[in-house]
Amino acid sequence: MNKLYILGNGGYAQECFEQFVLGEVINQYDKEFGGFLILKNEKLMLINDEGIDAFDYNIKASFILGTGHRKWRKVFLEHLDNFYPRNIYHYPNIAANEAHLSQTSVLGIGNVLNCFAMTNANASIGDFNLLNCYASVHHDVKMGSHNIFTTYATVLGYCNIGDDNWLGNAVTITSKTNIGNDNTLSSGEHLFEDMGDRQFFKHGIITEKPEKL
């Protein structure tokens, strides 16, 4: 049985620990929990019940991206590229016991579905997407990689979603709407029109995305 590690040690990492480790989800994947990993001085440090120590890059390992910060998610992956290939063994898709994963959905690798998250019929989802609690991807949606859906974010049927998008709490993207890459949608918004790349949606208005986002 190989070890599974959570990348990160903040609030979202703790949520992942409760849902996937204490909830015994990882046992279904024939894995045991190894601890939390943080980056310090360009090296991974392991945090577990035994304290803090350097991570052994030579062991067989799997990982969950346990941070909701888009920059740090990619920093972790780029660091681990030197040691572990990006494949389903090292980056399994993992879903909480209460999540619903349609049998006709197609997922890439490294996707995380928290409690009550949902994918529906014929949804196609890329790699390393985060669907937080109650987030939902409905039928026939085509979605890229590295998207973050916060709580209750919803994408309705036949939408096309690019890469690196961030959907705030209770965002709804209505049916047959397309959005590009690296967009930010503020909490509570309902999107009825297409978005391009690097745009910002707030108060019903699409503008150029500020550099700080």
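The values are calculated or read from the model by the stated rules, or taken from the named source; none is laboratory data. On a predicted model such as this, the values are computed, not experimentally measured, just so you know. Neighbour counts are summed over all protein chains in view; Cβ atoms, including those assigned to glycine, are modelled from backbone coordinates with ideal geometry.
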Q.
So, residue 154, is that one surrounded by fewer than 18 Cβ atoms within 10 Å (Cβ to Cβ) and under 24 Å from residue 25 (Cβ atoms) or not?
A. no
Q. Is there a residue in the stretch 172-185 that is in contact with a Lys or Arg (Cβ under 9 Å, 6 or more places away or on another chain) and more than 14 Å from residue 143 (Cα to Cα)?
A. yes
Q: Test residue 20 against the criterion of being touching a residue at least 12 places away in the same chain (Cβ under 8 Å) and closer than 14 Å to residue 114 by Cβ, and give yes or no.
A: yes
Q | Pair list, Cβ < 6 Å and 6+ apart or interchain, from the stretch 118-129 residues that are within 11 Å of residue 141 (Cα to Cα) and in the same structural domain as residue 158 (by TED's automatic domain parsing) to residues that are of a type in the set (D, E, K, R) and surrounded by fewer than 23 Cβ atoms within 10 Å (Cβ to Cβ) | A | 122/140; 124/142
Q: Output the residue which, of all residues in the stretch 122-138 that are of a type in the set (S, T, N, Q) and part of a loop (DSSP other than H, G, I, E, B), is farthest from residue 160 (Cα to Cα).
A: 132
Q | Flag for residue 101 being within 22 Å of residue 143 (Cα to Cα), assigned by TED's automatic domain parsing to the domain that holds residue 146 and either among the hydrophobic types (A, V, I, L, M, F, W, C) or surrounded by 19 or more Cβ atoms within 10 Å (Cβ to Cβ) (or both) | A | yes
